[in-house]
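Below is one structure, written out as structure tokens; comments come after it.
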Amino acid sequence: MRQFEHATLMDQAESLAISVSHALDLVIKARGWAVLAVSGGKSPVPMFERLRYRPIRWEAVTVTLVDERAVPPDHPDSNGALVRRHLLREGAGVAGWVPLIRDEAEAAAPLQAVQRLNASFQQPDVVVLGMGEDGHTASLFPDAPELQTALSEPDPRYLVTHPTMAPHARVTLNLAALLAAERTFLAITGEKKNAVLERALQAPTPALPVSVVLARYRRGVDIFRTEAQ
């Protein structure tokens, strides 16, 4: 595990974009194509707006999400809408795109989306994670009834989770899929999240799902930290 400290959000975003692009390049050179799974929310936006300009063979990249809220694709809370707006432009505009929620029907019945995604599952090669102040990553929330299933299923796949303290049902990669990635990056911003991360680094516990990823990922997660917010 490597940790990189940054003075500003912009420094963190630039450093992370360079590292993600390098990881994609290595996978593409080895196999000819790569799958990138990113997280949503506001925090990744500065990184997306730098990554889309990186000189990657974007036509050889498929972009998807680590997790998604069960909302229509044009909803303000849609992670997919955020990725289309901030990442899939300029050079990255030619990348493939696999949404986790494809339409209003899947938003209303996210199990349909999970069935579609798992029927032609694409294992992400490069994963960019965030973390909430409750220690969740992807949509592996400590209060979700499906957490134990998400952590214990042996095969990489998507599933639906229903966090009680967050709006919307979610579609998310399970732990097995996160652990199967070639490279995993974790971006942490702000004092509160950095404090949670310190707790998560002590020992793995389902009370802080990110701690399980950090403890079990065999290649070592690269953590990009900043106290800025």
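Side notes on the structure shown:
- Scope segment 100-123; condition under 19 Å from Gly41 (Cα atoms) and either in contact (Cβ under 8 Å) with a residue 60 or more places away in the chain or part of a helix (DSSP H, G or I) (or both); matching residues: Leu100, Ile101, Ala107
- Test for Val94: is it among the aliphatic types (A, V, I, L, M) and either under 19 Å from the mean Cα position of the chain (by Cα) or at pLDDT below 95 (or both): no
- Across segment 135-152, the qualifying residues are those that are more than 16 Å from the chain's Cα centre (by Cα) and assigned to a loop (DSSP other than H, G, I, E, B), and the one among them that is surrounded by the fewest Cβ atoms within 10 Å (Cβ to Cβ) is Pro145.
- Any hit, segment 190-205, residues being hydroxyl-bearing (Ser, Thr, Tyr), at negative phi and either surrounded by 18 or more Cβ atoms within 10 Å (Cβ to Cβ) or touching a residue at least 24 places away in the same chain (Cβ under 8 Å) (or both): no
- For segment 174-199, the candidate set comprises residues that are more than 18 Å from the chain's Cα centre (by Cα) and small (Gly, Ala, Ser); within that set, the residue that is farthest from His136 (Cα to Cα) is Gly190.
Results for (1) touching a residue at least 40 places away in the same chain (Cβ under 8 Å); (2) farther than 21 Å from Ala181 by Cα; (3) in a strand (DSSP E or B), shown as yes or no for each residue.
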| site | (1), (2), (3) |
| --- | --- |
| Glu14 | no, yes, no |
| Ala30 | no, no, no |
| Ala37 | yes, no, yes |
| Pro76 | no, yes, no |
| Val83 | yes, no, no |
| Leu88 | no, yes, no |
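- Here Phe4, Phe48 are screened, and the one residue that is in a strand (DSSP E or B), at negative phi and either of a type in the set (S, T, N, Q) or within 19 Å of the chain's Cα centre (by Cα) (or both) is Phe4.
- Scanning segment 155-173 for residues that are within 15 Å of the chain's Cα centre (by Cα) and assigned to a loop (DSSP other than H, G, I, E, B), we see that the one that is surrounded by the most Cβ atoms within 10 Å (Cβ to Cβ) is Pro156.
- Residues of segment 217-229 classified as surrounded by 14 or more Cβ atoms within 10 Å (Cβ to Cβ) and either over 20 Å from Pro44 (Cα atoms) or β-branched (Val, Ile, Thr) (or both), total: 4
The values are calculated or read from the model by the stated rules, or taken from the named source; none is laboratory data. Source: prediction; values computed, not measured. Note that each Cβ is placed from the backbone with ideal geometry, even for glycine, and that neighbours are counted across all protein chains shown.
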